[in-house]
1. Pull out the extension gain between residue 136 and residue 173, defined as 0.36 nm times the separation in residues minus the alpha carbon to alpha carbon distance; nm, one decimal.
2. Using a/c under 1.5 as the rounded threshold, could you call the stretch 50-193 rounded, prolate or oblate? The axes a ≥ b ≥ c are square roots of the C-alpha gyration tensor eigenvalues, and prolate needs a/b larger than b/c, oblate otherwise.
3. Which one of 60, 110, 96 has its Cα pushed farthest toward the positive end of the charge dipole of the stretch 50-193, where Lys and Arg give +1 and Asp and Glu give -1 at the Cβ?
4. So what are the ³J(HN,Hα) numbers for the stretch 45-54, from phi and the Karplus equation (6.51, -1.76, 1.60; θ = phi - 60°), rounded to whole Hz, Gly and Pro as x?
5. Hey, can you grab everything whose amide H is under 5 Å from the amide H of residue 96? Only 5+ residues off in sequence or another chain; H modelled, so Pro and N-termini drop out.
6. Please give the charge dipole size of the stretch 48-197, origin at the Cα centre, charges +1 on K and R Cβ atoms and -1 on D and E Cβ atoms. Round to the nearest 20 debye.
Amino acid sequence: MARIIFFNRTYGAPRQRIVLLLLTTFVLSNANANIFKKSVHSHHWTDKYDRHFKKYTKRYFGPFFDWHWFKAQAIAESGLNDKAKSHMGAVGLMQILPSTFHDINKRNPHFDEVNTPRWNIAAGIYYDRTLYRKFNNSSTQDKLYKTFASYNAGYGRMLKAEKRVNTKTKHWKKVKLYLPKETRSYVHRIRGLMGEL
């Protein structure tokens with residue numbers, strides 16, 4: 001029977017398996033977390049789609065808006081995997097639901113196909129712009145964080161969170177407390193990729 005010595009104690013096979021399972025889980029979870037700690041500017045991330053991020057950021061947010069925000073969002077959504085597909089059916093780099101793409105496509109008939117990286121990015125940034133414009137009474141940064149939160153959790157959920165804040169100005173720091181942990185983590189991840197944290 002194999003034995004492992006851990007903290008000056010000897011364990012048999014059943015405990016050994018548990019210890020190895022826990023160590024493996026810890027190592028894998030840290031490896032996954034470290035992927036998203038690499039800056040959006042890191043060579044770890046492909047620049048294959050940068051021209052699309054630049055083009056559609058300029059088109060929908062203007063020439064002075066930092067396109068890296070949307071690349072960071074795509075990293076958070078799909079790890080820049082253009083073949084990514086969620087259990088909910090969202091597809092591509094920006095993880096767009098086909099039904100959402102269909103709605104966007106009605107206003108942008110030139111957007112060809114949701115699975116094409118160019119149009120997936122264009123649709124994602126266009127959708128970000130429609131959300132961004134809904135947050136008029138916020139600072140530029142708060143508008144951006146609320147946009148990403150709405151993209152992740154839905155605009156309705158974002159409005160409900162804002163209503164729960166008992167102040168006239170709905171600052172992100174207060175609003176995020178009423179959003180799901182997944183959504184807070186999503187925005188946090190994007191901010192981390194941009195080097196804000």
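1. Separation in residues times 0.36 nm, less the Cα-Cα distance, equals 11.6 nm.
2. It is prolate, given that a/c is not under 1.5 and a/b is the larger ratio.
3. Selected residue: 60.
4. Using θ = phi - 60°, the values come out as 9, 4, 9, 4, 9, 4, 4, 6, 4, 5 Hz.
5. 91
6. Once rounded to the nearest 20, the dipole reads 560 debye.
Taken together, the values in this text are just the output of simple stated rules run on the coordinates, not laboratory data. Computed from a prediction, not measured in an experiment: that's the story for all the values here. Don't worry about glycine lacking a Cβ; one is built from the backbone with ideal geometry, like all the others, and counts go over all protein chains shown.
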